[in-house]
Amino acid sequence: PSVPRHTNRLINEKSPYLLQHAHNPVDWYPWGQEAFDKAKKENKLIFLSVGYSTCHWCHVMEEESFKNKEIGEIMNKNFVCIKVDREERPDVDKVYMTFVQATSGGGGWPMSVWLTPDLKPFVGGTYFPPEDGVHRVGFRTVLLRIAEQWKENKEALLENSQKILEALLYRSEVHVQGQESPPPSKEVMATCFKQLSNSYDEDYGGFSESPKFPTPVNLNFLFTYWALHRTTPEGARALQMALHTLKMMAHGGIHDHIGQGFHRYSTDQHWHVPHFEKMLYDQGQLAATYSRAFQISGDEFFASVAQDILLYVSRDLSDQAGGFYSAEDADSYPTTASGKKREGAFCVWAAEEIRALLPDPVKGATEGTTLGDVFMHHYGVKETGNVSPMKDPHQELKGKNVLIVRCSPELTASRFGLEPGRLGALLQEGRRRLSTARAQRPRPHLDTKMLAAWNGLMISGFAQAGAALAEQEYVSRAAQAAAFLRRHLFDPASGRLLRSCYRGKDNTVEQSAVPIQGFLEDYVFVIQALFDLYEASLEQGWLEWALQLQHMQDKLFWDPKGFAYFSSEAGDPSLLLRLKDDQDGAEPTPNSVTVTNLLRAACYSGHTEWVEKAGQILAAFSERLQKIPIALPEMARATAVFHHTLKQVVICGDPQGEDTKEMLRCVRSVFSPNKVLMLADGDSTGFLYRQLPFLASLERKDGKATAYLCSNFACSLPITSPQELRGMLCL
């Protein structure tokens, strides 16, 4: 690489996204006091650009505009330019995205917003092409017009920005009206089911035409709905919708059949042509969802998909110190000699490549059949490529194939006169060879930032899969990651979580000069992970830490007036709004997950005020839950958990005893959305016995491992048979 001609302040940052822009001819600043002071001192507008390192259109806008010397000069002359990684600073991103969505009706990244020197937004959008086109005004023109307006109409702009801010404050407030109580769970669940059922794609699964996102929150809602309505036609449909969607996704091109794991979303209705980036938060949630699907159905297919996701994360997104990286990019160089990156280049195949890799004749098949024939038929490979030009606006995938399972194993086998039992081994050999060939290609960029929240989601994925699939190594991997969080993303002196850390030189773990403090989502997803890890490992230390973090979350984020938690803490003068998210999207919104966290925390501690808080959150979102619960499926699910009260499943026994292990296996093999598992090992000095005095009164019947089902700290008769326990859990 040649010596860069420009270097700006971003060279001192740790975020891979900010470092990608360190050699632009734009005088970028990171979000912070230095930039704010400059804007005030020079009375300049701020241009804020927000994105993330695996964002395709962010790369495009950088190539076209931010690397353009003339555009850079216009930016530097008229504006203080700030670059933000939305994954590092979700708080900043949410404030200005709220503005962009309110004023333009749409949103997305890269986000481009112009602010007054006191950080109030007045114009915003997303991607701008560099020059004017037929339908769109170009970035250069927008920059010049805004600079001109600031010169001519400064007072009007400032006044307008103040009005906009007041409207935003009003619009974005979530609070309890009067003496509201939680909405009726039955109605919320029924409405949410109906809304999902109406938007369900009967043929291909999923809940929209296109684009199609994995949305684990919808599937988890349907599993809970099924568990509470097992014997009704609606319950059966809920389960069928969830399992069919998971099957179609696993067969689709959104699933990486060669390199494992899932891409971010599908651009079409068939889950075929994805945007190829892979995000940690998807892998974590999907590993948990596929494990639940296995728990419920007993179908090994779902277990194998969960294992596939965890193999990908262990191999490609894991830091040697135990943490998990954030994402892999969609764009990469097609070959080592290429000068330009293409989307999907690492993952797609020309038919002749596959033929050349799989030329072997297949014994016992129709005369002349090669391994390539079988493989290409099964995975929908076409000589001219299998991507419709409609789904490939930039012609990046022309002549290429995105693998998608087009046939059942039986159909593929019968097409080539094979015994069905032989097909699996043939396809596996094909995948192995393609994987070896793919390893020779240049890899996409890896975002090695490690975020507390996303690590929490991934720990839950490993812990839940470990419990449901009875795989101890997954539980150990989850524990290793939780220990990593404790070591690198937690400050024991203040008891607070940090947002992010980074892979540094020589693979050490580094922290920025001023560490970013954890946001609500960091606390919520880490607490959920620690509860999941306790249930999978029964190590009480994780419980103790979860409860400490819950107290800290209450202190930093709770809104005592309007109820529910703010996304960010008070006291940052550069944040214009303290918001509460109200949508479960690619990730659940933290207030949704925290309802279940609070109920679990109360079960493990006896602190009933946590149950009260859970009810207050549901009350704050009551109107939305009753009208459009499809926007909050995870919170709708939590209304049922709140309403049915959690069952404490207490196993009294020796952790090493076979009878105890059998009871635990039984509990973990059953999907029961309102259970909390705990082990009473007889050690009265342990954390749980200190928290829950009632445990001391439960004993092993006839010296055998004994289960009790307790609710509000009143317990059932003792159960010593795993079969009987299974029956009780399914009620």
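The values are calculated or read from the model by the stated rules, or taken from the named source; none is laboratory data. The structure displayed is predicted, hence computed values, not measured ones. Don't worry about glycine lacking a Cβ; one is built from the backbone with ideal geometry, like all the others, and counts go over all protein chains shown. These area figures cover heavy atoms from the full protein model, side chains too; ligands, DNA and RNA do not enter into them. Shrake-Rupley method; radii C 1.70, N 1.55, O 1.52, S 1.80 Å.
For this structure, a couple of remarks:
- The convex hull drawn around the Cα atoms of region 72-144, when projected onto a plane and averaged over every direction, covers 5.2 nm².
- Global geometry of region 78-220, whether rounded, prolate or oblate, following the gyration tensor of its Cα atoms and the 1.5 cut on a/c: oblate
- 10 Å Cβ shell holding at most 11 others, DSSP loop, GluC sites (Glu not before Pro): longest site-free stretch of the chain: 368-731
- The relative contact order of the chain, computed from alpha carbon pairs under 8 Å that lie at least 6 residues apart in sequence, is 12 percent.
- Using a cut-off of 20 Å between Cα atoms, the listed pairs K77/K151; K67/K151; K186/K580; K278/K382; K391/K449 include K67/K151; K186/K580; K278/K382; K391/K449 as exceeding that distance.
- In plain terms, if you count all Cα to Cα distances in region 603-693 and split them into 5 Å steps from zero, the share in each step is 3, 12, 17, 17, 16, 13, 10, 7, 4, 2, 0 percent.
- Local electrostatic count, L576, Cβ distance below 12 Å [Lys/Arg +1, Asp/Glu -1]: -1
- Ligands, DNA and RNA excluded, the heavy atoms of S537 present near 40 Å² of accessible surface to a 1.4 Å solvent probe.
- Dipole magnitude (debye, nearest 20) for region 347-440, charges at Cβ of Lys, Arg, Asp, Glu: 220
- In Å², nearest 10: area of S104 left accessible to a 1.4 Å probe: 70
- Remark: region 244-314 carries a charge dipole of roughly 100 debye about the Cα centre, counting +1 on each Lys and Arg Cβ and -1 on each Asp and Glu Cβ.
- Derived scalar couplings between HN and Hα for region 141-146 equal 5, 4, 4, 5, 5, 5 Hz in order, rounded to whole Hz, by the Karplus curve 6.51 cos²θ - 1.76 cosθ + 1.60 (θ = phi - 60°), x for Gly and Pro.
- Quarter of Cα convex hull surface for region 377-535, i.e. mean projection, nm²: 14.8
- Counting only protein chain heavy atoms and rolling a 1.4 Å probe, the accessible areas of K163, K14 rank, largest first, as K163, K14.
- Spin-label zone in region 378-392 - amide nitrogen under 17 Å from a point set 7 Å from the Cα of S414 along the C-beta vector: 378
- Stokes-Einstein translational diffusion, region 648-730 - Kirkwood Rh over all Cα pairs, 0.890 mPa s, 25 °C, in µm²/s: 193
- Rounded if a/c under 1.5, otherwise prolate or oblate - region 448-555, Cα gyration tensor axes: oblate
- Selection among G504, H643, P183 by position relative to the dipole of the chain gives G504 as farthest towards the positive end (Cβ unit charges, Cα centre).
- Here the Kirkwood formula puts the hydrodynamic radius of region 347-440 at 13.7 Å, using every distinct Cα pair.
- Of the whole protein surface, Y29 contributes about 10 Å² of accessible area at a 1.4 Å probe radius.
- Between the alpha-carbon centres of region 529-588 and region 431-462 there is a gap of 27 Å.
- Estimated dipole of the chain in Debye, rounded to 20 [Cβ of Lys and Arg +1, of Asp and Glu -1, Cα centre]: 460
- Each of T660, S716, L679 was placed along the dipole of region 630-731 (beta-carbon charges, centred on the mean Cα), and the one lying farthest toward the positive end is S716.
- Listed residues L10, F519, A306: farthest to the positive end of the dipole of the chain (Cβ charges): L10
- 32 Å Cα-Cα threshold exceeded, pairs from K38/K340; K38/K341; K163/K212; K94/K400; K14/K555: K38/K340; K38/K341; K163/K212; K94/K400
- Ordered from largest to smallest accessible area (heavy atoms of protein chains, 1.4 Å probe), the residues K67, K555 come out as K555, K67.
- Listed residues F671, F642 arranged by accessible area, highest first, probe 1.4 Å: F642, F671
- Evaluated at q = 0.16 Å⁻¹: base-10 log I(q)/I(0), Debye formula over Cα of region 9-172: -0.91
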